[in-house]
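Asks: Below is one structure. I have some questions about it.
Read-outs throughout are calculated quantities, based only on the coordinates presented, and are distinct from any laboratory measurement. All values reported here derive from a predicted model rather than from experimental measurement. We place every Cβ from the backbone using ideal geometry, glycine too, and count neighbours over all the protein chains shown.
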Amino acid sequence: MQRRRALTRARLLRAAQLLIGNGESVTVADIAAQGDVALASFYTHFDSKEALFAELLEETTADLARRLHRLPDDADPAVALAAAIREFWAWFTEDLVRGCYVLEAGKATRSLAGTLGLVLTKLIEQGRQAGRFHIHSTAAATYMIGGGILGATRGHTNGHLGASDLDIELATQALQLLGVSPQSAADAVNDPLAAPRP
């Protein structure tokens, strides 16, 4: 019984992701139908559509935050930043339904940008203080790099950018924007620690 309940709840969450990811206006009836769940069963699992959205948002950002914080604080800042960018790209592209949900749901997009922004700010500031990054403003660098990453996700979902090696290109360009030489950027991006983890 518990397993079936968990599966039904997961189907409802996935249905909401799919519908929102398609850019559709979503009702509880739509979610239940997409998840192949009786409408009355929806309310067994969630008090409201907003409660489902809140849980979905919490799960999504918690998963991303966990994956972006995987390197120790004493790692080379360039490798750590490359790892975060590559990990974000892997997270986004491994489940395009989730990725499209995040891009289409306004609150989810803001939450994603906030999670990514906090990680980028921390890593960029560490690199600046260590003399590895040569910038005047951590905030400006965070917005430029974060905006580029989010723009690339939109370009990918719209079919304008392929996913092949885009994580490497984004990380390399970000490091060069921070004043890292092309060779040093390539070394950091290709460091085994920077490779995305499952």
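Asks: Quick query: amide H of Asp191 versus all other amide H atoms, modeled in the peptide plane; which residues come in under 5 Å with a sequence gap of 5 or more or a different chain?
Replies: none
Asks: Mind telling me which of Arg66, Arg86, Arg128 comes out most flexible in a GNM of the chain, alpha-carbon contacts under 10 Å?
Replies: Arg66
Asks: While we're looking at this one, here's another question. Step through the residues of the range 33-39 one at a time and calculate ³J(HN,Hα) from phi using the Karplus curve (6.51 cos²θ - 1.76 cosθ + 1.60, θ = phi - 60°), rounding each to whole Hz and writing x for Gly and Pro.
Replies: Calculated HN-Hα couplings, in order: 5, 4, x, 6, 10, 4, 4 Hz.
Asks: Output the Cα-based Rg and Dmax of the range 2-46 in Å, rounding Rg to one decimal and Dmax to a whole number.
Replies: 9.9, 32
Asks: Right, here's the next one. Percentage of Cα-Cα pair distances in the chain greater than 21 Å, rounded to whole percent?
Replies: Working: 10556 of 19503 pairs.
Summing the P(r) of the chain above 21 Å gives 54 percent of all pairs.
Asks: Positive end of the charge dipole of the range 2-46 (Lys, Arg +1 and Asp, Glu -1 on Cβ, about the Cα centre): tell me which of Phe42, Ala6, Ala29 has its Cα farthest that way.
Replies: Going by the charge dipole, the pick is Ala6.
Asks: If you don't mind, there's one more thing I want to ask. On the principal axes of its Cα set, how long, how wide and how thick is the range 1-89? Give whole Å, largest value first.
Replies: Here the spans come out as 53, 32, 18 Å, largest first.
Asks: Give me, ordered by chain and number, the residues 5 or more places off Ile135 or on other chains with an amide H under 5 Å from its own placed amide H.
Replies: none
Asks: Scanning the chain for helices, which whole DSSP H stretches are 18 Å or more long along the axis (Cα) and average -0.5 or more by Kyte-Doolittle? All intermediate terms of the calculation are to be shown ahead of the outcome.
Replies: Details: long enough: 2-21 (28 Å, -0.22); 49-68 (29 Å, -0.14); 77-94 (25 Å, 0.74); 106-129 (34 Å, -0.02); 138-157 (28 Å, 0.40).
Length and hydropathy pass: 2-21, 49-68, 77-94, 106-129, 138-157.
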